[in-house]
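Student: Got a structure for you, questions after.
The values are calculated or read from the model by the stated rules, or taken from the named source; none is laboratory data. Keep in mind that what you see is a predicted model, and the values were worked out from it rather than measured. Cβ: placed from backbone, ideal geometry, glycine included. Neighbour counts: every protein chain shown. Side chains are part of the model used for accessible areas, which takes the heavy atoms of the whole protein and leaves out ligands, DNA and RNA. Shrake-Rupley method; radii C 1.70, N 1.55, O 1.52, S 1.80 Å.
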Amino acid sequence: QVQVVESGGGLVQPGGSLRLSCAASGNIFSIYSMGWYRQAPGKQRELVATITSDGSTNYAESVKGRFTISRDNAKNTVVLQMNTLEPEDTAVYYCNAVWRSGIVGMFNTNWGQGTQVTVTS
């Protein structure tokens, strides 16, 4: 069984910073990618940032230059550093891991339970 657990989040004023962390654990042979998605009330879940095992990153246009994703492959962890936060960043943030349990076989996807980020004055 594989678990994905997020930490961080909270309440911050516009222009402030927050750091989200995520750890994947369990019967994991390798993780192809880890990333962050978010869902605001009444909206669909959207990509925020992802990072692959070789360090390739992908960011939503709305967060480029403000958010930075990083990863520790040895620990199966990923961190999202969020700077210059805006009220529009308010959402539940979900961590995602794409992994497999052996050298060959299908990749699986697991999600964390989500963590609330609220940006308000």
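Student: Explain nothing, just the number: relative contact order of the chain, from Cα pairs under 8 Å at least 6 residues apart, as a whole percent. Please report the intermediate quantities before stating the final value.
Tutor: On the way: 302 pairs, mean separation 44.3, N = 121.
About 37 percent, as a whole number.
Student: Where in the chain is the longest stretch that carries no chymotrypsin sites (Phe, Trp or Tyr not before Pro) classed as loop by DSSP and with at most 14 other Cβ atoms within 10 Å? Don't jump to the answer; show the numbers that get you there.
Tutor: Numbers: sites that count: Phe29, Phe107.
That would be 30-106.
Student: Right, another one. Determine the distance separating the Cα centre of the range 73-121 from the Cα centre of the range 1-60; give it in Å without decimals.
Tutor: Cα centroid of the range 73-121 versus Cα centroid of the range 1-60: 1 Å apart.
Student: Please report, as a whole percent, how much of the solvent-accessible surface of the range 21-95 comes from carbon and sulfur atoms (probe radius 1.4 Å). Working shown, then result.
Tutor: Numbers: 1760 of 3760 Å².
Carbon and sulfur together cover 47 percent of it.
Student: Trypsin sites (Lys or Arg not before Pro) within the range 4-61: which are DSSP loop residues with at most 12 other Cβ atoms inside 10 Å? Mind showing how you got there, number by number?
Tutor: Values: sites: Arg19, Arg38, Lys43, Arg45; in loops: Lys43, Arg45.
Answer in residue order: Lys43.
Student: Under a Cβ-Cβ cut-off of 10 Å, what is the net charge of the residues other than Arg66 that fall near it, where Lys and Arg count +1 and Asp and Glu count -1?
Tutor: Details: positive: Lys64; negative: Glu86, Asp89.
Once all neighbours under 10 Å are counted, the net charge is -1.
Student: Here's a follow-up. Would you work out if the chain is rounded, prolate or oblate? Take a ≥ b ≥ c from the square roots of the eigenvalues of the alpha-carbon gyration tensor; rounded if a/c is under 1.5, else prolate when a/b is larger than b/c, oblate otherwise.
Tutor: It comes out prolate by the Cα gyration axes.
Student: Still on this structure, please answer the following. Please work out the average accessible area per residue across the range 48-121, using the 1.4 Å probe convention, and give it in Å². Could you put the intermediate results ahead of the total?
Tutor: Details: 3760 Å² over 74 residues.
Value for the range 48-121: 51 Å² per residue.
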